[in-house]
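Participant: Supplied in structure tokens, the structure appears directly below.
The values are calculated or read from the model by the stated rules, or taken from the named source; none is laboratory data. From a predicted model like this one, the values you see are computed outputs, not experimental measurements. Reconstructed Cβ throughout: ideal geometry from the backbone, glycine too, with neighbour counts over all protein chains shown.
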Amino acid sequence: MRSLPSTASGASSRPGGRGFTLVEIMLVVLCLALLSAPIWRLLRTGTRMSLQGMLQVETTQEARRIIRQVYTDLKQSCFQYEGKERIELDFATTLEKVGDLPTQQYRFLAFPFPGKIGEAIPAGEKGYGWRRASRITYALEPVGKPGKPFLRLTRTEQFHPDHPQSGRFPGGRFTRVMSERVHFFSITPASCQSGDQTLYYFWITLQLADSLEPQGLPAALPDGPLVRRPAGVVIADFGEVVYPEYFNAFLTRNGFNVNWYSGVVGP
């Protein structure tokens, strides 16, 4: 009986073929690594840019919502007037500031935001029915979370006790967190001259900031908006001018007769 020839060392089991040596396998792995490294960096850069863009959109939309709410409140701002005292118009007194920047509070009276317009005026057939205003407070405080050197902005609306909306909230007060990424926020009363008439308005400054890498954010509380954007930080920067209808109406019609709709009382 003939014996079959033995297979040579290093040859594969495939007929007429040979196996791969360890050196060849290592060369293939090295080539794959050299090719995959730039592809990985490209994918990582693309993912980061996508996340950065989403963060920018989210931050900008949040800033727009805040500006819209603050604008509405200041547009409807007013002052207490019961029609019995002689009114001294001073625009600076329409906005009360408590504390110092950057954690300053802003308080003012405004016609209620939720509910129906008629709910602010008590029903009655005779006597004065002063409109019942709310006290709006915008407050800033440090977030106090690791890696979050931001300010928390809250809006509180204190309803008049006789307003129907007061019973919907504990103590007649509704508080909502507007943002936890505020870098700077301020409301400033201002004026400008138009011919022989002085126009009064509020100037709003708002800046939100955030980053995918918290260590790249400024650690100290700001004394003003960021002028230069640090690397990797997204910023939503807004400024708005608000013309307060009620105050300017009183200013241009100083001395008009008080009627059912003229007076305003706060909570």
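Participant: Give the residue that is surrounded by the fewest Cβ atoms within 10 Å (Cβ to Cβ), with candidates limited to residues of the stretch 203-250 that are in contact with a Ser or Thr (Cβ under 8 Å, 6 or more places away or on another chain), farther than 22 Å from residue 53 by Cα and modelled with pLDDT under 85.
Facilitator: Looking at the filtered set, the residue picked out is 221.
Participant: Then there is this: Taking the condition modelled with pLDDT of 75 or more, of a type in the set (Gly, Ala, Ser), surrounded by fewer than 18 Cβ atoms within 10 Å (Cβ to Cβ) and over 21 Å from residue 158 (Cβ atoms), does residue 92 pass?
Facilitator: For residue 92, the condition - modelled with pLDDT of 75 or more, of a type in the set (Gly, Ala, Ser), surrounded by fewer than 18 Cβ atoms within 10 Å (Cβ to Cβ) and over 21 Å from residue 158 (Cβ atoms) - is met.
Participant: I'd like to check something: does the stretch 111-132 contain any residue that is among the small types (Gly, Ala, Ser), at pLDDT 85 or above and surrounded by 18 or more Cβ atoms within 10 Å (Cβ to Cβ)?
Facilitator: Checked against the condition, which is being among the small types (Gly, Ala, Ser), at pLDDT 85 or above and surrounded by 18 or more Cβ atoms within 10 Å (Cβ to Cβ), the stretch 111-132 yields no hits at all.
Participant: Has the stretch 45-54 got at least one residue that is of a type in the set (A, V, I, L, M), within 28 Å of residue 137 (Cα to Cα) and at pLDDT 80 or above?
Facilitator: no
Participant: Hey, another quick one. So is residue 103 in contact with a strand residue (DSSP E or B) (Cβ under 8 Å, 6 or more places away or on another chain) and at pLDDT 85 or above or not?
Facilitator: Against the criterion (in contact with a strand residue (DSSP E or B) (Cβ under 8 Å, 6 or more places away or on another chain) and at pLDDT 85 or above), residue 103 qualifies.
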